[in-house]
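Notes for the one structure printed next.
Just so it is clear, none of the values below were taken in a lab; they were calculated from the coordinates. All values derive from a computational prediction rather than experimental measurement. Glycine also receives a Cβ, built like all others from the backbone with ideal geometry; neighbour counts cover every protein chain displayed.
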Amino acid sequence: MSMLSALAHVQATESMQAVPLTAFRHRRLSSRPLVIIPLVMAGEAGAPLAAMVGSARRKGTLLVVAQPRNRDQRFAFAASLGRTVIDYIDSFRQGRRGGGGHSRYPDTPQILVPNHGGIKALADLGRMCRFRSTSGPHAVPDVVPEFGMWLTFLVDRAEQAGTSMLLPVTGILAEHWATGQSTLEDQNLASLMAWIAPPAGLSVEQAMADAENPDVCPPAGPATSPEFDNRDLAPAIKRFDTARTLGDLRALAAAESDLRELIAGQIQPTWRMTWEAIALLRSVPEAPRTIKRFERDCAAFTSYSDYRDSGGLPQRKRDTAIGAAQRLGWLERALAEFESDMAFDDPFVLADRRSAGEAFAGTVVEAEPSRTVTTASNRRVPRPRVTIRTQDPVRLAADTKLLSPSMPSGHKAVIVSVLPDGDATLVTVEVTGGMGRARVPARGSVPVPDQRIAYLPDPGWRPAPQFPGSDRTPWTHSATAGETGADPAAPEDAAAEEWGNED
Amino acid sequence: MKAPVDDRLDALRGSAKRLDYSARSLAALENNPRCTLRALLDASGSDKAAIAAHAGHPSPFGQSAFALARGNVFETMVKDNGCAELLRLLRETLQLTLPEVGYEDLNDIGGDGRAEVRHDRTKQVLLQAARGNGGGTLFDHPMLCLPVGGHKAFLEPDLVAFRIGGRFHVVEIKSFPIIDGQADPTQVRAATTQACAYIIALRNLLARVGIDKQAVSDTIVLVAPKDFTNRPTAAFVDARKQVAALSRQLARIERIGDLVDLLPEGLTFDLGLDKDKRARRPAEELAEALDQVPATYRPDCLNHCEMAFYCRSRARADSSLDVLGPAVREQFGGIDTTTMVLGLAQGRLTPTQDQVEMAAALRHAARLRAELNVLGGAE
């Protein structure tokens, strides 16, 4: 967090309302997102309790597992949720554009969950489903492993900065608004919405108090409130179990509809609030460079889609050494680019970086527009130098490559020197690109005296790191022969994973 | 020397029954060691949940019956048939060579479940084992005792195993899953801290008869469900750092007298319980008493301390930066309140010598935000 964002939080505290942190929404919002609100049972490992799913506010479907400890019911749930999600994903696998190896689907699915816990719940569900076998003693419907693999793909992709195929709504809200509460409390959708848009007739204080009262605002999941578990849910599940043991069909139907009603009462407020949050986010303009990241999402979606069509294997349980290193490399690169893109698009984010000394803006006080140098290949090229006077606490060193949101695209520069000048700083930069091919720089491609200009570091192009092939991994980095998970083709005990507490 | 401090602590608690430290409240020590209010409430054995509720900020900590049931079922399953499943794990998963194995149930001694009796028996068998002439290798629910600030706290580990490499090992059975070899780090940490209290208590017991602390390993054995199954798996967790941290905090409780000395005379958190256990003391009076003791609120407290909601409302009333959490706080080193931050940012307050740099940075940041608002802002 920078000083500027911290100050925004203080301002929010003082004014008792959320204040904007960015000018734009840096995440793409699909015109047809699929909202999933997953609920899990407390204490069980990834035992789904219920989910509400749908791609429009009025079209939510509630799926409930009456006895989450029962394996068959769990997978019946996974299959019906899976069918909805796979149908949704399939609806984007059409209208492919472009030819040859570069053709792509023009749009991607987008799944929105209320909070980070929702992503964790989907990750667990994906892990639970993707190795299931569709034949043999513990067979599950075909859609279950397919669903598991897609969920795992989406969860992995969500780790990458700037992507928008699977997002927590609290995350997008907190990227755009600063509240007068901590990051921990911002994870609570109701608390966060209390600051941004309190319900009509309520003050922020009242809305915050309501948000933390599970009887007014049930938790957005994935865990339900312990009071609800003990007071309502446990007796209801017990009635269901008793009816089932006795084989009393009427009591069973009654118990089941009771359970649905109880869970609906817990999940519907979150469902409504999630759609309110989405509507609110639509009112924030989308940042220009979001489209560039969206195209990458399209490429990733197309390529995974093709991989699935070719009958690809489920993702392995643990990355190999090379896979992990590659993945880390991608994640780092995506983060650097996302940060730079945001600062380029958004004056708020740029100001944020400026307050931390990672970017600067000021007025050109001196320019040498006709300066040229001779390159190693004996070519004379323009290398104009300009000096900028800035009040920002610049912490960039000489030789840092720069980009500028205030110059025509393609403009590139490098820092020559950073010198203090009273309470300001003089930064001299050499323009290295974006001046056209002529001996003389194109008009408007070099800053002129008295011009206001901002610069930020260029994340630049980095070659993809080279790693040895999988058959040439040194012994220090390869899994030992007996270790499980080394062979993705044979996930151990895939079908027969034992399931406890069956009744 | 000790007596007056104890008297003062008793006076703080008032008429309520003394609550002893449990492994959980000891673990809380590690989460926010610098909080005076928590230190005093714990040391005096006050009922934090009741006090917070009476002061108008009931704590939201309930445990789901599902989680409890799952925990119990899992523990029973691991310990069934003289810990057969556990032994399989120790041998197969952790590849230990355990020759002959005994099992000693210390849950109650001949039907007597009193802590003192169980502790005496525990002491007897553990010391025998340490001296090499006890048959037991696995001790189920031994009752350990740790003096904390001059008071006995009885602690009950799930299991203590002996002779894994000739040393005692604390075995912690938890019902959160280890999925593909990875478990939730916060849960592992909480489990480890809890186990640290057992390690320290066990070492204490042995030290009294001159057995070196090396006899108790500072590696704990964590047993938890594997993946999504009910089958257990086990892992070693290195607890050296947390043992050291908790030992340090325990030593600090011994010096609770220093904290007590700073309190005004006659301060008490007594709820004035009547014979129906209803609190009769006016809530404002209680809040006033609480307000006299400094608290170190952090948003993280909301996850584990019963007093957190009270402390948060107090921090809000004081416009403390603590409410916004460490990420915001660390940007404004040396400044405590939002009022001060804005005062310096808008140039309404004159910075002290130490604040000059911070004030300059703040004014710069405020200027940037003002420029943005002129530009039209986000909305």
Completion exercise
So, with points 7 Å from each Cα along the Cβ direction, the residue B:357-residue A:231 label distance in nm works out to 5.3 nm
Fill in the blank from the handout: Mean per-residue count of partner chain Cβ within 10 Å for A:185-197 equals 1
Handout entry: Estimated D of region B:327-374 in µm² per second, where Rh is the Kirkwood radius over Cα pairs and Stokes-Einstein applies at 4 °C, 1.567 mPa s
Key = 119 µm²/s
Completion exercise
dims of region B:288-379, Cα set, principal axes, largest to smallest, nearest Å -> 45, 37, 21
Fill in the blank from the handout: Note on region A:357-457: alpha-carbon gyration tensor, axes a ≥ b ≥ c; rule is a/c under 1.5 for rounded, else prolate if a/b larger than b/c, else oblate; result prolate
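What's the longest bit of chain A with no exposed GluC sites (Glu not before Pro), using DSSP loop states and at most 15 other Cβ atoms within 10 Å as the test? Don't jump to the answer; show the numbers that get you there.
Values: sites that count: A:159, A:483, A:492, A:498, A:502.
In chain A, the maximal stretch lacking such sites is A:160-482.
In region B:270-344, which trypsin sites (Lys or Arg not before Pro) fall in coil by DSSP and have 15 or fewer other Cβ atoms within 10 Å?
Numbers: sites: B:275, B:277, B:278, B:280, B:312, B:314, B:316, B:329; in loops: B:275, B:277, B:278, B:280.
Taking region B:270-344 and a limit of 15 other Cβ atoms within 10 Å, the loop trypsin sites (Lys or Arg not before Pro) found are B:275, B:277, B:278, B:280.
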Practice task
Classify region B:65-250 as rounded, prolate or oblate from the Cα gyration tensor: take a ≥ b ≥ c as the square roots of its eigenvalues, call it rounded if a/c is under 1.5, otherwise prolate when a/b beats b/c and oblate if not.
Solution key: rounded
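Please report the orientation-averaged projected area of region B:75-140, defined via the convex hull of its C-alpha atoms, in nm².
Numbers: hull surface 20.3 nm².
One quarter of the hull surface, i.e. the mean projection, equals 5.1 nm².
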Fill in the blank from the handout: Note, region B:87-94: 3J(HN,Hα) by Karplus (6.51, -1.76, 1.60, θ = phi - 60°), whole Hz, Gly/Pro = x, goes 4, 4, 4, 4, 6, 8, 6, 8
Problem - Amide H contacts of residue B:148 (H built 1.01 Å from N, under 5 Å, at least 5 apart or other chain) - result: B:153
Fill in the blank from the handout: Amide H contacts under 5 Å for residue A:388, restricted to residues at least 5 apart in sequence or on another chain and with H modeled in the peptide plane, are A:365, A:427, A:428, A:429
Fill in the blank from the handout: Percent antiparallel among DSSP beta bridges confined to chain A, rounded to 5, stands at 85 percent
Exercise for the section: Pop out the ³J(HN,Hα) list for region A:291-296 in order, Karplus 6.51 cos²θ - 1.76 cosθ + 1.60 with θ = phi - 60°, rounded to Hz; leave Gly and Pro as x. Expected result: 5, 5, 6, 5, 4, 5
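Ranked highest first by the average count of other Cβ atoms within 10 Å around their residues, in what order do A:216-224, B:296-304 fall? Don't skip to the end; give the middle numbers.
On the way: A:216-224: 22.8, B:296-304: 19.0.
In descending order of packing, they fall as A:216-224, B:296-304.
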Fill in the blank from the handout: Share of Cα-Cα pairs in region A:3-320 beyond 39 Å, whole percent, is 16 percent
Handout entry: Rounded to 10°, Cα long-axis angle of helix B:2-13 versus longest principal axis of chain B
Key = 70 degrees
Handout entry: Loop-located trypsin sites (Lys or Arg not before Pro) in region B:148-223, at most 14 other Cβ atoms within 10 Å (DSSP)
Key = B:208
Problem - Per-residue ³J(HN,Hα) for region A:178-188, Karplus 6.51 cos²θ - 1.76 cosθ + 1.60, θ = phi - 60°, Hz, x for Gly and Pro - result: 9, 10, x, 9, 7, 4, 4, 6, 5, 6, 8
Handout entry: Long pairs among A:292/A:317; A:59/A:292; A:317/B:174, criterion Cα-Cα beyond 25 Å
Key = A:292/A:317; A:59/A:292
Problem - Cysteines not pairable in chain B (beta carbon separation under 4.7 Å absent) - result: B:35, B:83, B:145, B:196, B:311
Completion exercise
In Å, the Kirkwood hydrodynamic radius from C-alpha pairs for region A:121-221 sits at 16.1 Å
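By its C-alpha gyration tensor, with a ≥ b ≥ c as the square roots of the eigenvalues, how is region A:311-373 shaped: rounded for a/c under 1.5, else prolate for a/b larger than b/c, else oblate? Could the numbers behind the result be given before it?
Numbers: a/c = 3.89, a/b = 2.45, b/c = 1.59.
It comes out prolate by the Cα gyration axes.
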Practice task
Any chance you could list P(r) for the protein assembly as shown, counting all Cα-Cα pairs in 20 angstrom bins from zero, rounded to whole %?
Solution key: 12, 37, 37, 12, 1
Completion exercise
Interchain or sequence-distant (5+) residues whose placed amide H lies within less than 5 Å of the amide H of residue B:337 are B:321
